[in-house]
Amino acid sequence: MNTITTTIIDIGRDFSRYPAGRYETDGPFSGELFRAKFLVPVLDSNGHVTIELDETAGYGSSFLEEAFGGLVRLGYSSTQIKNTITLHSEDPSLLEEIEEYILDAEQG
């Protein structure tokens with residue numbers, strides 16, 4: 001029997017209440033670091049992850065674009081990302097913003 005393990009990552013608790021910046025050179029809680037530390041390992045393991053987005057002080061567009069759009073630039077398809085990562089937020093516009101970054105990156 002093939003079971004998929006679902007991990008829950010609460011960005012505010014497990015990463016930082018103050019995620020910011022695109023690249024690791026921008027600071028200690030960048031989108032690049034979040035992607036490398038949390039998202040890529042799940043995609044590579046064929047697991048599943050739910051990302052809780054609500055417990056932070058907010059997000060810059062550079063953090064979100066690099067964390068999620070950056071997955072596409074690493075070679076993951078939007079379909080693979082959507083099948084692996086479930087986003088949860090009380091703010092639907094945040095979910096839409098992340099989806100746009102993924103689709104924009106896929107379109108080049």
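The values are calculated or read from the model by the stated rules, or taken from the named source; none is laboratory data. None of these values were measured; they are calculated from a predicted model. No Cβ is skipped: glycine too gets one built from the backbone with ideal geometry, and neighbour counts run over all protein chains shown. Note: areas computed on protein heavy atoms with side chains; ligands, DNA, RNA excluded. Shrake-Rupley method; radii C 1.70, N 1.55, O 1.52, S 1.80 Å.
With respect to (1) part of a helix (DSSP H, G or I); (2) open to solvent by 30 Å² or more (accessible area, probe 1.4 Å), the lone exception for Val72 is condition (2).
For region 75-108, residues that are within 21 Å of Pro41 (Cα to Cα), part of a helix (DSSP H, G or I) and out of contact with any helix residue (DSSP H, G or I) (no Cβ under 9 Å at 6 or more places or on another chain) total 2. If you check Ala57, Ala67 for being under 18 Å from Leu95 (Cα atoms) and outside any helix (DSSP H, G or I), only one passes: Ala57.
Taken together, the residues in region 67-94 that are touching a Ser or Thr at 6+ places or on another chain (Cβ under 7 Å) and within 21 Å of Gly21 (Cβ to Cβ) amount to 1. The set of residues in region 80-93 being open to solvent by less than 60 Å² (accessible area, probe 1.4 Å) and either among the charged types (D, E, K, R) or touching a Leu at 6+ places or on another chain (Cβ under 6 Å) (or both) consists of Ile81, Thr84, Leu87, Ser89. When region 17-53 is filtered for residues that are at pLDDT 95 or above and on the phi > 0 side of the Ramachandran plot, the ones remaining, listed by number, are Gly21, Gly27. Can Arg35 be described as basic (Lys, Arg) and over 11 Å from the mean Cα position of the chain (by Cα)? Answer is no for this residue.
For beta carbons closer than 8 Å, sequence separation of 6+ or different chains, a first residue in region 91-108 that is of a type in the set (D, E, K, R) and a second that is surrounded by 12 or more Cβ atoms within 10 Å (Cβ to Cβ) and outside any helix (DSSP H, G or I), the qualifying pairs are Asp91/Leu53; Asp91/Asp54; Glu106/Ser77. Checking each residue in region 7-51 for being assigned to a strand (DSSP E or B) and open to solvent by 80 Å² or more (accessible area, probe 1.4 Å) picks out only Ile8.
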